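Read the figures in this text as sums done on the coordinates, not as results from a lab. Every value quoted in this text rests on a predicted model; they were computed, and no experiment measured them. Glycine gets a Cβ as well: all are built from the backbone with ideal geometry, and neighbour counts include every protein chain shown.
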């Protein structure tokens, strides 16, 4: 914002300065010639027609008619030189009924030739009689000034020295200038060209008020290499802004589009069923490579404990994450990223401790047991336990371990392994059911036949 | 080569649609090929006649100190080191999303091909599978999908073959109904498919229908909740594979975020998971996470495990975090204690721990292009315990490349086995975006050393991977991670 204000201030300060420094017609002493000329048109034939070349239409020879060294001293005048560059409109043809003195009379003096170049006060006297100065808010700049792109004679230095209207110093100017510009775009054009806006507006090509400004190579040169580090709007500071900005965007999309492109949106919003921010600009040369933001909703431990959020707010998740993002961890054989390094060697403690539910992603039978069997960990039908050698009388003790960590047991042992002892129709016929077992759990009776041969009555 | 008929049909449908999409509004996606080298050492059971081993009882030692388990009159057995081998799994993933040119109509697919050998690494027999392959149509508040799709619900993360209809036309209320044919969890294959039937003698011999309902209340960021019911029933309707109901909640109260969930097994009438977490900033960069959890594993009804009366544990967990954006530093430390319900099993003469403790601490520091990520974790309990740490130091090179060195050291013990195992190692990891391609790879060596297991030989395990991903369409390129390096 500071940079934007700075640029605006410099440009507009320059404009005022340039206007105030317009060369006055000091060369011709009008007052001394009072009464000699019946009308202004004699020397300024182009006034009525608006022909700038004929603003001073008199030839040097005409002066010599009197200034011949006898009637009057000779003067050395070679005719009108090149008019100094300015951005003033040719306004005379629009004021045919007004006498010249209306605008050119020197204040406090009388007489036809008591004239001077018209200052902005002359214009303001009629066009903005209540305005508080040349640069006051509400003044219609284009009444007197041409757009900057047409004031081709002005140098970059002169443009850079334009004065800034008071409105530009307002703290709210950054947020309000868009509305002002859309209503007074032509006023902006007096000091600004398109490049003045593209420094900040990434969506410049989609803003009519900006495109209404013509391009200007001088401004392009002045703004080349200028980058803008925008301040973070107050709205962005609220809790969970990353999750709640959608409503603000829908309410004022143009405001967001000033700084953000579709590319930024696409960094997170990858919902493939609808196009996000279709009216935002697209950076053709940029990737969707957004800022490294810490998503407020994704607190510590979110990688592990995101289930509830993922479920309850799945449309919101889908705005930022494609399903394949979930697959990367939940079925991530192609891109393991969830587990820490060397997890293949160290995972047993996590599996027994059940910090996460391994079977949420891995098939116990096909994934875990397959590997454990191949590696030699799993029981593949041998009798004579030897693996759990740290626990004496493992056969007697294993029940407790099994009830506490049955899913870990099942990562090595098949159901048939347990049925050797826990079947109701063969083997030791040891009842595996706990004291609170609900034998009437009708819905799970499909598995009863495995042990009982038939569904028990 | 295993190619499931349904997979083939789904893939064919998608490929038929793909050209339409290519010449219509657009398509985007990624093709990724990843190859790994994983060294491993099999355990090998060995034995000597019981009569040759001195001592008595089941637990004895050989002359070299090897612990053996003896059966009187039979053999004394133990597990020792087998041969060192390597396996080379290869994965190819193709994921694509396309817009057909008809407003609201899109297709989505992720296909995976696995090459290798099932000899040593799970599921690397030649397989082609569809993780997703569905067509979606969204218009106003209605979203229709059909094919093989993924669902994240209060009951977990599942894919299935079928259809779903979601409607969100009543303010904050969102409703969804879905149904079709069930797939094995984590398998992308039918219930009675070859994968499961080969793995378990009692695997389902019938496919299953799946259907469910999902309702959610969404009040923006302040509150959203979800309830889900889901049932899986054999296609001959002679039994269920599962029937559960679950709920999730997320609410922001002041600065605190409440996040919880519950799942309930309707057959055994047991709560499988009840969890509530509160995350709250404390000021000055500090944050607090508190969590309570009650967990009992859920087993599908085609297994006998649910009838073995598994018990739950109840856990309290806390974590304190601190971060300073100015310093680019974040730290966290926490711990948890869990206690298992009474099992009414086992004997008092043999101690099996009934509780467990988790402790962890870590930090992440970013300074310009450099980053350091590290942590320590201790996990003790019944069944297996470990403690150890990880450290990675890396540098981002420009916007598109990263290189990092990483290492870890972990001591594992208490696996109901005599002896401890220390795994220490590290390696190098790098990734590089090259236009529409990303190349990443890693190479690491881990030294595995054993204590108190005479017949297990120390050895060095090599690991490496190389991955090449090609993005097409407008798929964003990934930003090189400045976080800890994961992997196998």
Item to check | Cα→Cβ-extended label distance, 7 Å offset, between residue B:452 and residue B:140, nm | outcome: 7.0
Checklist entry - On average, how many beta carbons from a partner chain sit within 10 Å of the beta carbon of a residue in B:132-144? => result 1
Checklist outcome for this item: By the mean-Cβ-within-10 Å protection proxy, highest first, B:66-74, A:363-371, A:39-47 rank as A:363-371, B:66-74, A:39-47
Checklist entry - How far is it, in nm, from the label point at residue A:130 to the one at residue B:434 when both lie 7 Å from their Cα along the line to the Cβ? => result 7.1
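For peptide B:347-353, compute the average count of partner chain beta-carbon atoms within 10 Å of each residue's beta-carbon.
Taking all residues of B:347-353 together, the mean is 5.
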Item to check | Crossing angle, helix B:5-22 versus chain B [Cα axis fit, 0-90 degrees, rounded to tens] | outcome: 40
Next on the checklist: Suppose R0 equals 56 Å. What FRET efficiency, 1/(1 + (r/R0)^6) with r the Cβ-Cβ distance, do residue A:433 and residue B:466 give to the nearest 0.05?
Outcome noted: 0.65
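Is there a simple number for the mean count of other chain Cβ atoms within 10 Å of the Cβ of residues in B:294-303, and what is it?
5
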Checklist entry - What order, most packed first, do the peptides A:216-225, A:141-150, B:292-301 have when packing is the mean number of other Cβ atoms within 10 Å of each residue? => result B:292-301, A:141-150, A:216-225
Checklist outcome for this item: Rounded to one decimal in nm, the spacing of the 7 Å Cα→Cβ label points at residue A:143 and residue A:356 is 7.1
Item to check | Ratio Rg/Rh, restricted to the range A:356-452 and using Cα atoms, in which Rh is the Kirkwood radius | outcome: 0.96
Checklist entry - Taking the alpha-carbon centroid of each part, what is the distance from the range A:146-173 to the range B:310-324 in angstrom? => result 61
Checklist outcome for this item: Taking the alpha-carbon centre of each part, the distance from the range B:57-107 to the range A:32-95 in Å is 102
Next on the checklist: Can you report the principal axis dimensions of the range B:37-187 using only the alpha carbons, biggest first, rounded to whole angstrom?
Outcome noted: 79, 34, 23
Checklist entry - So what's the back-of-envelope 222 nm ellipticity for chain B, counting only DSSP H runs of four-plus at -39500 (n - 2.57) apiece and dividing by all residues, rounded to 500? => result -1500 deg cm²/dmol
Next on the checklist: Per-residue counts of other Cβ atoms within 10 Å, averaged by peptide: what ranking do you get for A:94-100, B:185-191, highest first?
Outcome noted: B:185-191, A:94-100
Checklist entry - How long is the gain from residue B:324 to residue B:194 if the chain were fully straight, where each residue apart is worth 0.36 nm and the alpha carbon distance is subtracted? => result 41.5 nm
Checklist entry - How much length is gained if the chain between residue B:206 and residue B:359 is pulled fully straight, taking 0.36 nm per residue apart and subtracting their Cα-Cα distance, in nm to one decimal? => result 50.7 nm
Checklist entry - Based on the Cβ-Cβ distance from residue B:280 to residue A:172, what FRET efficiency comes out when R0 is 41 Å, to the nearest 0.05? => result 0.70
